[in-house]
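Encoded as structure tokens, the structure appears first; notes follow it.
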């Protein structure tokens, strides 16, 4: 069930400024959301964007959907606190080769050419590619 922006805003926990998991791991913004069975990646620039966009933090995510931060850490998006999704570190991380495969699939879905030539030396740089693809 989707909760609209007006409904969710009143449930967002006050002072939720830092996302800390049971493992005490903070999200290193920016990040991308990987939806299940879809090559599209959603770029999230920072915590402020996450907090202010109800489509991000009030969406009912599937267990197979996750957030990847700029360090390659993976966060589940099913933890809810007062109908507010809070990224929860699951202890896994993604390699640069795995993130590049996701970025290439995303670029291909968006109709970009020369996708096989996409390269980024770091995960943070790979996220910048996603940001630039989403701006077009």
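Bear in mind that the values in this text are calculations on the coordinates, not laboratory data. Since the structure is predicted, the reported quantities are computational estimates derived from the model, not experimental observations. Cβ atoms come from the backbone with ideal geometry, glycine included; neighbour counts cover every protein chain shown.
Here are some notes:
- Per principal axis, descending, Cα span of the stretch 39-136 in whole Å: 44, 29, 22
- Counting every other Cβ atom within 10 Å of each residue's Cβ, 59, 66 order from fewest to most as 59, 66.
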